[in-house]
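For reference, the structure discussed in these notes is given below.
The values are calculated or read from the model by the stated rules, or taken from the named source; none is laboratory data. Source: prediction; values computed, not measured. Quick reminder, even Gly has a Cβ in these numbers, built from the backbone with ideal geometry, and neighbours come from all protein chains shown.
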Amino acid sequence: MADSPSRSGVFQASTDKRLEAFAESISFDRRMYQQDIRGSIAHADMLASVGLLTREEFSTIRDTLKEIEAELDADQFPIRFELEDIHMHIEQALIDRIGDVGRKLHTARSRNDQVSTDVRMWVREALDTVDARLLELQRAFLSRCERDFDVVLPAYTHLQRAQPVIRPPLLDGVYRKTAARSGPRRRLSPTRQRMLAWRCGGRRNHAANRS
């Protein structure tokens with residue numbers, strides 16, 4: 001019997017270990033488990049709001065997903081490479097624990113929807129982290145400007161030493177580059193805005209519109 005849910009009902013023999021090693025992404029996409037669980041809880045809440053889940057079923061799914069998240073936080077969640085990615089790991093754990101109610105979570109959502117949503121959420125939060133660290137760097141430059149007026153350094157021209165200068169103008173120049181309209185923090189903002197676009201069901205909706 002096939003040992004991966006993604007291939008069950010298609011192949012009878014077990015998957016070759018070389019294919020499992022080629023197809024798996026759990027070794028790097030497990031970092032998105034928090035986004036995957038938050039997205040799944042939101043999706044389950046939507047299913048309950050339109051009557052496809054009862055509120056009791058939603059509560060069961062939500063509470064079980066939070067249990068799984070706690071195990072992942074504590075690095076106590078078992079990883080199986082035949083399950084390929086973090087999405088299938090969480091989905092299979094949910095089904096193993098609460099049975100067919102867990103299968104209902106996949107209603108009205110494709111794996112492509114799930115991956116796209118998780119990646120966008122993860123990238124958005126990573127951009128926020130980068131932005132916060134750049135802000136800390138800018139503040140550090142300004143702080144040194146106030147403290148280093150007695151530090152003298154050689155300026156350079158054409159890779160050769162030139163006249164001596166004090167350090168603050170050099171640090172201020174670096175600060176201004178990071179704070180400029182074309183600086184790194186300004187470039188992060190439009191990328192973050194694009195990550196806010198919700199794409200769930202986009203391909204199916206596009207196909208439906210074309211038909």
Legend entry - Selection status of D150, more than 29 Å from A197 (Cα to Cα) and not assigned by TED's automatic domain parsing to the domain that holds Y33: yes
Legend entry - So I41, is it over 30 Å from S14 (Cα atoms), touching a residue at least 12 places away in the same chain (Cβ under 8 Å) and either part of a helix (DSSP H, G or I) or not assigned by TED's automatic domain parsing to the domain that holds Q193 (or both): yes
Inset, instruction - Being more than 24 Å from the chain's Cα centre (by Cα) and among the β-branched types (V, I, T) is the filter; apply it to the stretch 16-73 and report the residue that is nearest to L94 (Cα to Cα). - result: T60
Legend entry - Filter result for the condition that a residue is modelled with pLDDT of 95 or more and either in contact with a helix residue (DSSP H, G or I) (Cβ under 7 Å, 6 or more places away or on another chain) or exposed (fewer than 13 other Cβ atoms within 10 Å of the Cβ) (or both), over L19, L53: L53
Inset, instruction - Pull up the stretch 93-131, narrow it to residues that are surrounded by fewer than 16 Cβ atoms within 10 Å (Cβ to Cβ) and of a type in the set (S, T, N, Q), then point me to the one that is nearest to A23 (Cα to Cα). - result: N112
Inset, instruction - Evaluate the stretch 76-88: report whether one residue or more is more than 21 Å from the chain's Cα centre (by Cα), in a helix (DSSP H, G or I) and either farther than 19 Å from I26 by Cα or hydroxyl-bearing (S, T, Y) (or both). - result: no
Inset, instruction - Evaluate the following for L142: is it in a helix (DSSP H, G or I) and of a type in the set (A, V, I, L, M, F, W, C)? - result: yes
Legend entry - Members of the stretch 12-38 found to be in a helix (DSSP H, G or I), more than 18 Å from L72 (Cβ to Cβ) and without any contact (Cβ under 8 Å) to a residue 12 or more places away in the chain, listed by number: K17, R18, L19, F22
Legend entry - Complete set of residues in the stretch 89-119 that are assigned to a helix (DSSP H, G or I), modelled with pLDDT of 90 or more and either within 21 Å of G51 (Cβ to Cβ) or among the basic types (K, R) (or both): L94, R97, I98, D100, V101, G102, R103, K104, L105, H106
